Each structure stands twice: as C-alpha cells, then as structure tokens.
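Novice: If you scroll down you'll find the structure; I have some questions about it.
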Amino acid sequence: MIIAGIDEVGRGPLAGPVTAAAVILNKDNPIQGLRDSKKLTKKAREELFPLITEKAISIGIGSVDVETIDKINIREATFVAMNSAIENLSVTPEKILIDGEPLRDQKITNEGIIGGDDKVDSIRAASIIAKVTRDRLMVHYSKIFPEYGFEKNSGYGTKQHLDALKIFKATPIHRRSFGPVKNSMPSIIWLEKEGRIEWMMQKLAALYLKKLNYEIIQMNRTLDAGTEFNIIAHFDQQRIFIQVFPFSLYEGDFDSTKKIKAKNNIESINEEDGYFGKHRLDYIFVKLNRNDAPKIKHLKGIQLT
C-alpha cells in the first residue's frame, strides 16, 4: 500500500505562511535518523533534507499565505496547506497518515495520529521537509525585512521580533489576525511622521519582485554618495540592480549623469563581489494608497549609455 505522511509547520508564528509537506517513503530504501523536526538540530534537519528528497518516492509541498490565513483562520489554512501538499504529490497515495487530526472532505482515506511525528517515519520526514522549506523561505524574507530577525525566529514571537513590531510596526507578511500584529499595524500617517515612506516603498518593491520569483540578494547597497541601489536581486540568470522611486516620478526624465553614476557603481559592485555575469538596471515606482493596494510600475533594463 502506498502511504503518505503529512505534517505542517507555522501555525504559531506572527509572520509568514503556514507550510505543509506530504512524503511517500520507499520501504526498500530506508532513511536513518528520522525524528520529529522539532527534536532535531538545524544542522541535522539540513543534512536529512537532501536524503529525504533523494530517497522518497514523492514529496508534495503546500503553503498558504498570510492573506488567506487572516481570511479563513490559521486552523483552516493548515488544512488547505495539507490538501495542497497532497495534490502536489507526483504519486497518488492509497492512504494518508496525518500528524494530529484527520482531513475532512479528503477523498483519499486518511487517519489522524496524535503525536504522529514521533511515531511514523513518513510523518517525521514530512515534518523535516516542511520545517526546512519554511525556514529557508523566512531567511529569504529576512533579506527584505532584516529588522525582525526572521532568519533566526522564522516569524515566531521572540523578544527581538516583538520589540521590532513596536519600533517598525507590522509588514505585509505579518498575520493581521494575530493579536501582537493587530495592535501594530502602520498607517500612512505613522509612516510619514516617522520618515518611513521610502522605507516602506522599498519593502513593497522587494515583495513585488519576490512574487515574480526574483531572488533578493541585498537591500540598500551604497557605493557612491548619492547613488543607492535599494535592491539587488537575481533573475533570469542575471543580476538586477533596482532603484525605487515615488510614483510621482514615473515617466519623468532621469538625466544622463545619474545613469552614468549608476553604471559606474554597478561595475564597482560587481568587481567587489567578483561577479562577471549579465546584469541590468531597473526602476520601480511605488505609490502608497490609504485604502487600497499599493500601485507599482516596473521599468526593466534602463539604458545606461
């Protein structure tokens, strides 16, 4: 019988998605050292992750974003993530074993096992895959939001995280339905008062890029006074240097002096980093709206000569 184990991670954090994994193990190719991910060190999880990926018959990942969590609640979002993980398996299981309660409205026979991540190898494997996958995602988010320590706390409510919420308020990847976040929502008036309009514009531009599968490398890299690359990203086998501007400057005239300075700084940064591949300069224009989603325009490949 083909059996998939399922587990999730990310019910409790104040930020980031909830992520589930479904894993079908190969009985003829066992994996040593499987345990509940919470009882493993980060190093052990990172070592087991490629072993599971290599030896498992199939792995499915499901993730539900903060907008959906806030809309349907974290419990329901967890079920959605689990069902998505099942759908993303390349092999259809005959039975599903779930850490915790069973899945309702799931056509495949399934069984909830309390403490399953301590008892069933396929659930243990799923817990590791889900944990490492989500932790890596939060590390990527930490490059956009270094103030909150996501690379260490994975979005959980640590002292550093809670202190950052008091100082910087919540971000678009925070769960608004969670108490500490609900009380820390920024307004445009607050952003203006604190001088953080441009700061928020840069964060929104980076999130926009991430949703388009750009890999954010670094925020706010400065070499020459007056020229700052708000975002450096990687996409389509090239390095992208991005400058973020207010939407009011969209279709405005950017003089050649600024472009020459940007060109020289790009060359200096690439030389400093030892990067000799393709690159380009992009402009992103952002407008914050009080009662609506931000407006974003993206100009790609600004001519530098």
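The values are calculated or read from the model by the stated rules, or taken from the named source; none is laboratory data. Because the structure is predicted, anything quoted here is derived from the model rather than measured. Please note: Cβ atoms are built from the backbone with ideal geometry, for glycine as well, and neighbour counts cover all protein chains shown. Surface areas here come from the heavy atoms of the whole protein model, side chains and all, with no ligands, DNA or RNA. Shrake-Rupley method; radii C 1.70, N 1.55, O 1.52, S 1.80 Å.
Novice: For LEU51, only one of the following conditions fails: (1) open to solvent by 40 Å² or more (accessible area, probe 1.4 Å); (2) at pLDDT below 95. What is its number?
Specialist: Of (1) open to solvent by 40 Å² or more (accessible area, probe 1.4 Å); (2) at pLDDT below 95, only one is false for LEU51: (2).
Novice: Restricting the search to the stretch 96-145, which residues are of a type in the set (S, T, N, Q) and out of contact with any Asp or Glu (no Cβ under 8 Å at 6 or more places or on another chain)? Can you show your working first?
Specialist: To start, the set of residues in the stretch 96-145 that are of a type in the set (S, T, N, Q) comprises 106, 109-110, 122, 127, 133, 142.
Once the filter is applied, which keeps residues that are of a type in the set (S, T, N, Q) and out of contact with any Asp or Glu (no Cβ under 8 Å at 6 or more places or on another chain), the stretch 96-145 yields GLN106, ASN110, SER122, THR133.
Novice: Hey, ASN291 hits all of (1) surrounded by 11 or more Cβ atoms within 10 Å (Cβ to Cβ); (2) more than 18 Å from GLN303 (Cβ to Cβ); (3) modelled with pLDDT under 95 but one; which does it fall short on?
Specialist: That leaves (1) as the condition not met.
Novice: Among the numbered criteria (1) of a type outside the set (D, E, K, R); (2) open to solvent by less than 80 Å² (accessible area, probe 1.4 Å); (3) touching a helix residue (DSSP H, G or I) at 6+ places or on another chain (Cβ under 8 Å), which single criterion is violated by PHE276?
Specialist: Looking at each condition in turn, PHE276 falls short on (2).
Residue by residue, here is whether (1) farther than 30 Å from ASP28 by Cβ; (2) among the basic types (Lys, Arg); (3) open to solvent by 30 Å² or more (accessible area, probe 1.4 Å) holds:
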| residue | (1), (2), (3) |
| --- | --- |
| VAL80 | yes, no, yes |
| LYS95 | no, yes, yes |
| ASP99 | no, no, yes |
| THR109 | no, no, yes |
| ARG124 | no, yes, yes |
| LYS131 | no, yes, yes |
| PRO146 | yes, no, yes |
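Novice: On to the next question. Among the residues of the stretch 149-165, count how many are surrounded by fewer than 19 Cβ atoms within 10 Å (Cβ to Cβ) and in contact (Cβ under 8 Å) with a residue 24 or more places away in the chain.
Specialist: Taking the stretch 149-165 as the starting set, the residues that turn out to be surrounded by fewer than 19 Cβ atoms within 10 Å (Cβ to Cβ) are 151-152, 156-160, 162-163.
Those left that are additionally in contact (Cβ under 8 Å) with a residue 24 or more places away in the chain: 156-157.
Total satisfying the criteria: 2.
Novice: Is the stretch 33-49 home to any residue that is among the hydrophobic types (A, V, I, L, M, F, W, C) and farther than 13 Å from LYS131 by Cβ? Steps first, answer last, please.
Specialist: Of the stretch 33-49, the ones among the hydrophobic types (A, V, I, L, M, F, W, C) are 34, 40, 44, 48-49.
Narrowing further to those that are farther than 13 Å from LYS131 by Cβ: none.
So far as the stretch 33-49 goes, no, none of its residues is among the hydrophobic types (A, V, I, L, M, F, W, C) and farther than 13 Å from LYS131 by Cβ.
Novice: A follow-up question, please. In the stretch 278-305, how many residues are under 17 Å from ASP253 (Cβ atoms) and not in a loop (DSSP other than H, G, I, E, B)?
Specialist: 5
Novice: Still on this structure, please answer the following. For the stretch 151-172, check the following and say yes or no: at least one residue is among the small types (Gly, Ala, Ser) and closer than 20 Å to GLU46 by Cα. Don't jump to the end; show me each part of the working.
Specialist: At the first step, the residues of the stretch 151-172 found to be among the small types (Gly, Ala, Ser) are 154-155, 157, 164, 170.
Applying the additional criterion that residues be closer than 20 Å to GLU46 by Cα yields 154-155.
Yes, the conditions are met somewhere in the stretch 151-172.
Novice: Continuing with this model, one more query. Which of (1) closer than 30 Å to MET185 by Cβ; (2) open to solvent by less than 60 Å² (accessible area, probe 1.4 Å); (3) touching a residue at least 12 places away in the same chain (Cβ under 8 Å) is the odd one out, the single condition GLU76 does not satisfy?
Specialist: (3)
Novice: Which ones in the stretch 111-122 are open to solvent by 40 Å² or more (accessible area, probe 1.4 Å) and assigned to a helix (DSSP H, G or I)? Spell out the reasoning first.
Specialist: At the first step, the residues of the stretch 111-122 found to be open to solvent by 40 Å² or more (accessible area, probe 1.4 Å) are 111, 114, 118-119, 121.
ASP118, ASP121 - these are the residues of the stretch 111-122 that are open to solvent by 40 Å² or more (accessible area, probe 1.4 Å) and assigned to a helix (DSSP H, G or I).
Novice: Could you grab me the full set of residues in the stretch 54-73 that are open to solvent by 70 Å² or more (accessible area, probe 1.4 Å), closer than 30 Å to PHE178 by Cα and free of Cβ contacts under 8 Å to residues at least 24 places away in the same chain?
Specialist: Residues satisfying the conditions are GLU67, LYS71.
Novice: Residues that are open to solvent by less than 50 Å² (accessible area, probe 1.4 Å), basic (Lys, Arg) and modelled with pLDDT under 95, at least 1 per element: which strands (runs of 3 or more DSSP E) completely within the stretch 166-271 meet that?
Specialist: Details: elements: 215-224, 227-235, 238-246.
The qualifying strands (runs of 3 or more DSSP E) are 215-224.
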